[in-house]
Amino acid sequence: MTAKKVLIVDDEADICELIEITLMRMDIASQSALNLSDAKRLLETEHFDLCLTDMRLPDGNGIELVEYVQNNFKNIPIAVITAHGNMESAVIALKAGAFDFVSKPVDIQILRNLVSAATTLPEKTGNKKNDKDKITITGKSAAVKNLLNSIAKLARNQAPVFIHGESGSGKERVARMIHQQGPRQNKPFVPVNCGAISAELMESEFFGHIKGSFTGAHADKQGLFEAANGGTLFLDEIAELPLNMQVKLLRAIQEKSIRPVGASQETPVDVRILSASHKNLVQLVAEGAFREDLFYRINVIELTIPSLRERKEDIPLFVKQLLSNLAEKTGMAVPSINSDAINALQDYHFPGNVRELENILERAIALSDNNSITVTDLQLKPAATNKISDNGIIVSESASVGALDLAGQERQSIKQALEKTRWNKTAAAKLLGLSLRQLRYRLEKLDIE
């Protein structure tokens, strides 16, 4: 295995020496350049696995070198050394394509983490289990190809990414792919729905707490940041965070450290932040509901996921895959679906995206005869009558306030039929106009005993 080699670009001899010693203890070779010109010359003549550059150089700046490396040596990750507290320059560097940044005075452990991550980028694990578990995105449309290309690029750096997309479009799937294709792939991926944590417990959930720090804290607890240490923390629906928590999150991201509730000292953490929301954060910032400084920190790079209606040519592939998955889940043969039903799906508006498509197919399987899905089995509704809630449940928009959702209505109808037939399933199925197999499926789906 070829030894790793790092190019250090800094006009301060003590900084170069500190980094050289750190790298030597990691069994990594290094070479130093005191200015931009020397760095470019070395890049042209030597092989490097990583470039570390100061932001201020005698004949230019670190951003120029980041752009030069991005244009001429795409396979070499480049990280910048910034002045303490100068997050603006760090964000500019990340937007220009820097792999990551480290602040002065240089924290040795943070530097080691950065170097380890960057120098493992070209390597493949070769782990068959990992290869088998790799997540992919279904589709061959131009929108999917562009998305896959963006994911591959984003996996090669540590910049915070904000993933924007409609509910059900696959934001967590994209986040997992960025994690799986990057240097943190063998470390934890920790997803958290920010809207599902109560405000009172939020600080403890994110940062942990120590025993006795508050009533009910009977033991030390690890927070989400520590659970994701070395890996990726995915903050889904980040727009739901209250303002006071946004301040604490911003500090944790900027300082790369956390303070558990009740602790007297901060704990360094090495976590890549990916976040997502179906809401318009720019609008929320304008309304004062989301902090502008946090928005710019998490939105270094924005990745928009196309909706299903923007990639209708991929719907037949989705249908094939989802029907196969549903059949495997229920132990049935894979259902067929006729061309008219496929055409109807391609003409549908899909406010709930892939999640809604799965719900539609799941329902159609239960309603179909001879394991063959038709347009009638799909029960597609006009755009004005249906909406999809954030959890993927189809809700009637025209229903009066307090009316049952469709699942509730169906559960009530089935229970009434079972009670009328004294829980004779065969008779109840006949009364409902279903086959016995269809009724059994609905009983399991709706959890009716």
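The table for this structure:
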| item | result |
| --- | --- |
| Hits in segment 290-301 (condition: surrounded by fewer than 17 Cβ atoms within 10 Å (Cβ to Cβ) and in contact (Cβ under 8 Å) with a residue 40 or more places away in the chain) | 293, 296 |
| One residue from 308, 323, 345 being within 21 Å of residue 174 (Cβ to Cβ) and surrounded by 15 or more Cβ atoms within 10 Å (Cβ to Cβ) | 308 |
| Inter-residue pairs, beta-carbon under 8 Å, first under 14 Å from residue 224 (Cα atoms) and in segment 178-201, second crowded, with 16+ Cβ neighbours inside 10 Å and β-branched (Val, Ile, Thr), 6+ apart | 187/232; 188/232; 189/232; 190/232; 194/238 |
| Subset of segment 310-349 (residues that are over 25 Å from the mean Cα position of the chain (by Cα) and acidic (Asp, Glu)) | 328, 340, 347 |
| Answer residue from segment 190-214, given it is of a type in the set (Asp, Glu) and over 20 Å from the mean Cα position of the chain (by Cα) and is surrounded by the most Cβ atoms within 10 Å (Cβ to Cβ) among those | 203 |
| Matching option when the condition is small (Gly, Ala, Ser), within 30 Å of residue 182 (Cα to Cα) and not in a helix (DSSP H, G or I), among 333, 276 | 276 |
| Count - residues of segment 8-36 that are assigned to a helix (DSSP H, G or I), surrounded by 17 or more Cβ atoms within 10 Å (Cβ to Cβ) and of a type in the set (Val, Ile, Thr) | 3 |
| Any hit, segment 256-267, residues being out of contact with any Cys (no Cβ under 7 Å at 6 or more places or on another chain), under 25 Å from residue 159 (Cβ atoms) and part of a helix (DSSP H, G or I) | no |
| Segment 155-199 - residue that is in a helix (DSSP H, G or I) and among the basic types (Lys, Arg) and, of those, farthest from residue 144 (Cα to Cα) | 176 |
| Test for residue 152: is it exposed (fewer than 15 other Cβ atoms within 10 Å of the Cβ), part of a helix (DSSP H, G or I), in contact (Cβ under 8 Å) with a residue 12 or more places away in the chain and not acidic (Asp, Glu) | yes |
| Matching entry among 322, 357 (being closer than 22 Å to residue 142 by Cα and either outside any helix (DSSP H, G or I) or touching an Asp or Glu at 6+ places or on another chain (Cβ under 9 Å) (or both)) | 322 |
| Members of segment 66-87 found to be of a type in the set (Val, Ile, Thr) and surrounded by 24 or more Cβ atoms within 10 Å (Cβ to Cβ), listed by number | 66, 69, 78, 80, 81 |
| Search result, residues across segment 51-65 that are more than 28 Å from the chain's Cα centre (by Cα) and either exposed (fewer than 15 other Cβ atoms within 10 Å of the Cβ) or not in a helix (DSSP H, G or I) (or both) | 53, 54, 55, 56, 57, 58, 59, 60, 61 |
| Lone unmet requirement of (1) of a type outside the set (D, E, K, R); (2) in a helix (DSSP H, G or I); (3) in contact (Cβ under 8 Å) with a residue 40 or more places away in the chain for residue 235 | (2) |
| Residue 39 over 24 Å from the mean Cα position of the chain (by Cα) and buried (at least 20 other Cβ atoms within 10 Å of the Cβ) | yes |
| Complete set of residues in segment 249-273 that are surrounded by fewer than 16 Cβ atoms within 10 Å (Cβ to Cβ) and of a type in the set (Lys, Arg) | 251 |
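Table: residues versus (1) out of contact with any His (no Cβ under 8 Å at 6 or more places or on another chain); (2) at pLDDT below 85; (3) in the same structural domain as residue 316 (by TED's automatic domain parsing).
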residue	(1), (2), (3)
354	yes, no, yes
357	yes, no, yes
373	yes, no, yes
381	yes, yes, yes
386	yes, yes, yes
392	yes, yes, yes
430	yes, yes, no
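Let's see how each residue does on (1) over 19 Å from residue 299 (Cβ atoms); (2) among the aromatic types (Phe, Trp, Tyr); (3) not assigned by TED's automatic domain parsing to the domain that holds residue 351:
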site: 158; (1), (2), (3): no, no, yes
site: 161; (1), (2), (3): no, no, yes
site: 164; (1), (2), (3): no, no, yes
site: 169; (1), (2), (3): no, no, yes
site: 174; (1), (2), (3): no, no, yes
site: 178; (1), (2), (3): no, no, yes
site: 189; (1), (2), (3): yes, yes, yes
site: 196; (1), (2), (3): yes, no, yes
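The values are calculated or read from the model by the stated rules, or taken from the named source; none is laboratory data. Computed from a predicted structure; not experimentally measured. Backbone-built Cβ (ideal geometry, glycine too); neighbour counts: all protein chains shown.
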